[in-house]
Amino acid sequence: MSVATRRITRTPGVEKRVAELDWQRIAGDLDAHGCAVVPALLAPGECKSVEALYATENLFRSRVMMAHHGYGRGEYKYFAYPLPTHVAALREALYTPLARIVNAWNTKMKIEIRYPDNHSDFLARCHRAGQRRPTPLILKYETGDYNCLHQDLYGEHVFPLQVAFLLSAPERDFTGGEFVLTEQRPRMQSRAEVVPLAQGDGVIFPVHHRPVQGTRGIYRVNMRHGVSRLRSGHRHTLGIIFHDAK
(Lines give C-alpha, C1' and ligand atoms only; values in the text may rest on other atoms or scores of the structure.)
Protein backbone atom coordinates (compact mmCIF):
# COMPACT_ATOMS: atom_id res chain seq x y z
CA MET A 1 0.00 0.00 0.00
CA SER A 2 1.33 3.43 -0.90
CA VAL A 3 0.00 6.75 0.37
CA ALA A 4 0.37 9.83 -1.81
CA THR A 5 1.85 12.94 -0.18
CA ARG A 6 1.64 16.71 -0.54
CA ARG A 7 4.84 18.71 -0.99
CA ILE A 8 6.02 21.49 1.30
CA THR A 9 9.35 23.30 1.56
CA ARG A 10 11.91 21.16 3.36
CA THR A 11 15.63 20.67 3.73
CA PRO A 12 16.77 17.53 1.87
CA GLY A 13 17.95 14.52 3.79
CA VAL A 14 15.40 13.87 6.55
CA GLU A 15 15.72 10.13 5.94
CA LYS A 16 19.53 10.39 6.07
CA ARG A 17 19.43 12.38 9.31
CA VAL A 18 17.18 9.79 10.93
CA ALA A 19 19.42 6.93 9.77
CA GLU A 20 22.49 8.66 11.24
CA LEU A 21 21.00 9.13 14.71
CA ASP A 22 22.64 7.29 17.61
CA TRP A 23 19.96 4.64 17.97
CA GLN A 24 21.88 2.76 20.64
CA ARG A 25 21.84 5.90 22.82
CA ILE A 26 18.15 6.45 22.05
CA ALA A 27 17.26 2.87 23.05
CA GLY A 28 19.30 3.26 26.24
CA ASP A 29 17.57 6.52 27.18
CA LEU A 30 14.15 4.98 26.57
CA ASP A 31 15.05 2.06 28.83
CA ALA A 32 16.56 4.25 31.55
CA HIS A 33 14.23 7.27 31.55
CA GLY A 34 11.13 6.39 29.50
CA CYS A 35 11.93 8.99 26.83
CA ALA A 36 14.72 10.04 24.49
CA VAL A 37 15.43 13.50 23.06
CA VAL A 38 16.61 13.83 19.46
CA PRO A 39 18.28 17.27 19.26
CA ALA A 40 17.69 19.56 16.26
CA LEU A 41 16.36 16.91 13.88
CA LEU A 42 14.32 19.66 12.20
CA ALA A 43 15.97 22.87 11.02
CA PRO A 44 14.35 26.23 11.94
CA GLY A 45 13.10 26.66 8.36
CA GLU A 46 11.47 23.24 8.44
CA CYS A 47 9.78 24.07 11.74
CA LYS A 48 8.44 27.29 10.25
CA SER A 49 7.14 25.48 7.14
CA VAL A 50 5.34 22.80 9.15
CA GLU A 51 3.88 25.34 11.59
CA ALA A 52 2.54 27.40 8.66
CA LEU A 53 0.49 24.40 7.49
CA TYR A 54 -1.86 24.93 10.43
CA ALA A 55 -3.63 27.73 8.56
CA THR A 56 -4.42 25.54 5.52
CA GLU A 57 -7.72 23.91 6.41
CA ASN A 58 -7.88 21.41 3.53
CA LEU A 59 -4.74 19.65 4.80
CA PHE A 60 -6.60 18.45 7.90
CA ARG A 61 -9.43 16.00 8.57
CA SER A 62 -10.57 17.42 11.92
CA ARG A 63 -9.99 20.12 14.52
CA VAL A 64 -10.30 19.48 18.27
CA MET A 65 -10.84 22.18 20.89
CA MET A 66 -9.43 20.61 24.05
CA ALA A 67 -11.69 22.45 26.52
CA HIS A 68 -14.82 21.02 24.85
CA HIS A 69 -13.73 17.47 25.76
CA GLY A 70 -12.03 18.04 29.10
CA TYR A 71 -8.58 17.47 27.55
CA GLY A 72 -7.15 20.78 28.77
CA ARG A 73 -6.97 24.09 26.88
CA GLY A 74 -5.69 24.71 23.36
CA GLU A 75 -6.44 23.01 20.09
CA TYR A 76 -5.07 20.55 17.57
CA LYS A 77 -5.74 19.36 14.04
CA TYR A 78 -5.27 15.88 12.58
CA PHE A 79 -3.81 15.77 9.08
CA ALA A 80 -5.79 14.17 6.27
CA TYR A 81 -4.34 11.75 3.76
CA PRO A 82 -2.30 12.38 1.73
CA LEU A 83 0.09 13.69 4.37
CA PRO A 84 2.43 16.60 3.58
CA THR A 85 5.69 15.25 2.21
CA HIS A 86 7.83 16.17 5.20
CA VAL A 87 5.39 14.72 7.72
CA ALA A 88 5.10 11.49 5.74
CA ALA A 89 8.90 11.23 5.39
CA LEU A 90 9.44 11.63 9.14
CA ARG A 91 6.75 9.06 9.93
CA GLU A 92 8.20 6.47 7.57
CA ALA A 93 11.88 7.04 8.41
CA LEU A 94 11.40 6.98 12.19
CA TYR A 95 9.19 3.90 12.19
CA THR A 96 11.78 1.27 11.19
CA PRO A 97 14.40 1.87 13.93
CA LEU A 98 11.63 2.35 16.49
CA ALA A 99 10.05 -0.96 15.45
CA ARG A 100 13.28 -2.74 16.41
CA ILE A 101 13.15 -1.14 19.86
CA VAL A 102 9.50 -2.00 20.53
CA ASN A 103 9.92 -5.58 19.29
CA ALA A 104 12.71 -5.97 21.87
CA TRP A 105 10.41 -4.43 24.50
CA ASN A 106 7.62 -6.86 23.68
CA THR A 107 10.03 -9.76 24.02
CA LYS A 108 10.97 -8.53 27.50
CA MET A 109 7.33 -8.07 28.50
CA LYS A 110 6.28 -11.44 26.99
CA ILE A 111 3.88 -9.73 24.57
CA GLU A 112 3.44 -11.75 21.39
CA ILE A 113 2.77 -8.81 19.03
CA ARG A 114 5.59 -8.02 16.61
CA TYR A 115 5.85 -5.04 14.29
CA PRO A 116 6.95 -5.34 10.64
CA ASP A 117 10.05 -3.54 9.37
CA ASN A 118 8.12 -1.29 6.99
CA HIS A 119 5.56 1.27 8.08
CA SER A 120 3.35 0.58 5.07
CA ASP A 121 2.96 -3.03 6.24
CA PHE A 122 1.95 -1.89 9.72
CA LEU A 123 -0.55 0.60 8.27
CA ALA A 124 -2.05 -2.21 6.20
CA ARG A 125 -2.61 -4.10 9.48
CA CYS A 126 -4.35 -1.04 10.93
CA HIS A 127 -6.49 -0.54 7.85
CA ARG A 128 -7.65 -4.16 7.78
CA ALA A 129 -8.97 -3.59 11.32
CA GLY A 130 -10.86 -0.46 10.24
CA GLN A 131 -8.24 2.01 11.54
CA ARG A 132 -7.97 4.20 8.43
CA ARG A 133 -7.85 7.77 9.72
CA PRO A 134 -4.36 9.36 9.89
CA THR A 135 -3.15 10.45 13.32
CA PRO A 136 -0.18 12.85 12.74
CA LEU A 137 -1.24 16.24 14.06
CA ILE A 138 -0.23 19.79 14.91
CA LEU A 139 -1.04 21.13 18.38
CA LYS A 140 -1.43 24.84 19.07
CA TYR A 141 -1.18 26.44 22.52
CA GLU A 142 -1.56 30.06 23.59
CA THR A 143 -1.15 31.79 26.95
CA GLY A 144 -2.89 29.78 29.69
CA ASP A 145 -3.29 26.64 27.57
CA TYR A 146 -2.21 23.16 28.68
CA ASN A 147 -2.70 19.49 27.78
CA CYS A 148 -3.92 17.04 30.42
CA LEU A 149 -2.07 13.77 30.95
CA HIS A 150 -3.30 11.21 28.43
CA GLN A 151 -2.51 8.30 26.08
CA ASP A 152 -2.99 8.29 22.27
CA LEU A 153 -4.48 4.85 21.60
CA TYR A 154 -7.19 5.16 18.87
CA GLY A 155 -7.99 1.47 18.31
CA GLU A 156 -6.96 -2.17 18.61
CA HIS A 157 -3.60 -1.75 16.87
CA VAL A 158 -1.22 0.57 18.73
CA PHE A 159 2.42 1.25 17.91
CA PRO A 160 4.05 1.60 21.34
CA LEU A 161 6.22 4.69 20.67
CA GLN A 162 5.46 8.13 19.29
CA VAL A 163 7.42 11.34 18.62
CA ALA A 164 6.66 15.01 19.29
CA PHE A 165 8.63 17.83 17.63
CA LEU A 166 8.73 21.32 19.09
CA LEU A 167 8.19 23.76 16.21
CA SER A 168 8.36 26.98 18.26
CA ALA A 169 11.37 28.47 20.07
CA PRO A 170 11.27 28.54 23.90
CA GLU A 171 11.79 31.99 25.47
CA ARG A 172 11.44 33.67 22.05
CA ASP A 173 7.96 32.39 21.11
CA PHE A 174 6.69 31.20 24.50
CA THR A 175 7.46 30.54 28.14
CA GLY A 176 6.21 27.62 30.23
CA GLY A 177 4.60 24.81 28.24
CA GLU A 178 6.99 22.05 29.31
CA PHE A 179 6.53 18.51 27.99
CA VAL A 180 5.69 16.22 30.90
CA LEU A 181 5.65 12.42 31.29
CA THR A 182 4.36 10.42 34.22
CA GLU A 183 5.18 6.81 35.00
CA GLN A 184 2.96 4.70 37.26
CA ARG A 185 4.76 1.69 38.71
CA PRO A 186 2.92 -1.12 40.52
CA ARG A 187 2.57 -0.50 44.27
CA MET A 188 4.69 2.66 44.00
CA GLN A 189 4.01 6.38 43.74
CA SER A 190 4.03 7.89 40.23
CA ARG A 191 7.22 9.41 38.83
CA ALA A 192 7.22 12.62 36.73
CA GLU A 193 9.73 13.52 34.02
CA VAL A 194 9.88 17.08 32.64
CA VAL A 195 11.64 17.13 29.25
CA PRO A 196 13.33 20.40 28.16
CA LEU A 197 13.15 20.88 24.38
CA ALA A 198 14.59 23.41 21.93
CA GLN A 199 13.10 24.34 18.56
CA GLY A 200 13.45 21.41 16.17
CA ASP A 201 14.05 18.83 18.92
CA GLY A 202 12.03 15.63 18.95
CA VAL A 203 11.11 13.61 22.02
CA ILE A 204 10.43 9.88 21.64
CA PHE A 205 8.18 8.39 24.33
CA PRO A 206 5.80 5.48 25.01
CA VAL A 207 2.17 5.63 24.04
CA HIS A 208 0.92 3.59 27.00
CA HIS A 209 3.49 1.36 28.72
CA ARG A 210 7.13 0.26 28.75
CA PRO A 211 9.26 -2.44 30.40
CA VAL A 212 11.24 -1.71 33.56
CA GLN A 213 13.79 -3.99 35.19
CA GLY A 214 12.83 -4.76 38.79
CA THR A 215 14.42 -6.93 41.48
CA ARG A 216 12.17 -9.83 40.44
CA GLY A 217 12.39 -9.37 36.68
CA ILE A 218 10.75 -7.20 34.04
CA TYR A 219 7.43 -5.52 34.73
CA ARG A 220 5.27 -3.02 32.83
CA VAL A 221 4.79 0.59 33.87
CA ASN A 222 1.92 2.75 32.66
CA MET A 223 2.86 6.03 30.93
CA ARG A 224 0.97 9.25 30.27
CA HIS A 225 2.09 12.52 28.73
CA GLY A 226 0.92 16.13 28.61
CA VAL A 227 2.02 19.77 28.47
CA SER A 228 2.19 22.17 31.42
CA ARG A 229 0.52 25.58 31.37
CA LEU A 230 1.85 28.10 28.84
CA ARG A 231 2.90 31.25 30.71
CA SER A 232 3.11 33.47 27.62
CA GLY A 233 3.22 33.44 23.82
CA HIS A 234 2.30 30.62 21.48
CA ARG A 235 3.62 27.07 21.07
CA HIS A 236 3.19 24.67 18.13
CA THR A 237 4.09 20.97 18.17
CA LEU A 238 4.11 18.31 15.45
CA GLY A 239 3.00 14.91 16.72
CA ILE A 240 3.99 11.75 14.84
CA ILE A 241 1.81 8.79 15.81
CA PHE A 242 2.44 5.62 13.81
CA HIS A 243 -0.92 3.83 14.08
CA ASP A 244 -4.04 5.12 12.34
CA ALA A 245 -7.39 5.65 14.09
CA LYS A 246 -10.88 4.15 13.82
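The values are calculated or read from the model by the stated rules, or taken from the named source; none is laboratory data. None of these values were measured; they are calculated from a predicted model. Glycine also receives a Cβ, built like all others from the backbone with ideal geometry; neighbour counts cover every protein chain displayed. Please note that ligands, DNA and RNA were not included when accessible areas were found on the heavy atoms of the full protein model with its side chains. Shrake-Rupley method; radii C 1.70, N 1.55, O 1.52, S 1.80 Å.
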Review point. Rank M65, M223 by accessible area, highest first, at a 1.4 Å probe radius?
Key: M65, M223
Practice item. Measure out, as a whole number of angstrom, how far apart the alpha-carbon centroids of the range 132-159 and the range 223-241 sit. Key: 10 Å
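Within the chain, what whole-number % of the accessible surface is contributed by carbon and sulfur, with the 1.4 Å probe and all protein chains included in the calculation? If you can, show how the numbers build up before the last one.
Numbers: 5860 of 11590 Å².
Ligands and nucleic acids excluded, carbon and sulfur give 51 percent.
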Practice item. Using the Kyte-Doolittle scale, find the helices of the chain whose mean hydropathy is at least -1.0 and whose Cα atoms extend 20 Å or more along the helix's long axis, counting only whole DSSP H runs. Key: 85-108
Exercise for review: With an 8 Å cut-off on Cα pairs and a minimum separation of 6 or more residues, tell me the relative contact order of the chain in percent.
Suggested key: 27 percent
Study note, to complete from the structure: A student applying the Cα gyration tensor rule (rounded when a/c is under 1.5; otherwise prolate if a/b is larger than b/c, oblate if not) would label the range 205-246 oblate
Revision key, fill the gap. The chain accessible area per residue, 1.4 Å probe, protein heavy atoms, integer Å², reads 47 Å²
Review point. About its Cα centre, what dipole magnitude does the chain give when the only charges are +1 on Lys and Arg Cβ and -1 on Asp and Glu Cβ, stated in debye to the nearest 20?
Key: 580 debye
Study note, to complete from the structure: For the range 154-230, the Cα gyration tensor yields equivalent-ellipsoid semi-axes (√(5λ), largest first, whole Å) of 27, 15, 10
Exercise for review: Once you've got the GNM for the chain with C-alpha springs shorter than 10 Å, pick whichever of R224, R133, R216 has the biggest mean-square fluctuation.
Suggested key: R216
Exercise for review: If a/c stays under 1.5 just call it rounded; otherwise compare a/b with b/c (prolate if a/b is bigger, oblate if not). Do that for the range 97-241, with a ≥ b ≥ c from the square roots of the Cα gyration tensor eigenvalues.
Suggested key: oblate
Review point. Mind ordering 181-193, 87-99 by average Cβ neighbours within 10 Å, highest first?
Key: 87-99, 181-193
Practice item. Place +1 on the Cβ of every Lys and Arg and -1 on the Cβ of every Asp and Glu in the range 45-171, take the dipole about the Cα centre, and give the residue among L123, L137, G45 whose Cα lies farthest towards its positive end. Key: L123
Point to revise | Residues with amide H under 5 Å from that of V221, placed H, sequence gap 5 or more | key: R210, V212
Review point. So, in the chain, how many Lys pairs have Cα atoms under 29 Å apart, if the pair is 8 or more places apart or on different chains?
Key: 10
Review point. Which value, in debye to the nearest 20, describes the size of the charge dipole of the range 186-246 about its Cα centre when Lys and Arg Cβ atoms bear +1, Asp and Glu Cβ atoms bear -1, and nothing else is charged?
Key: 340 debye
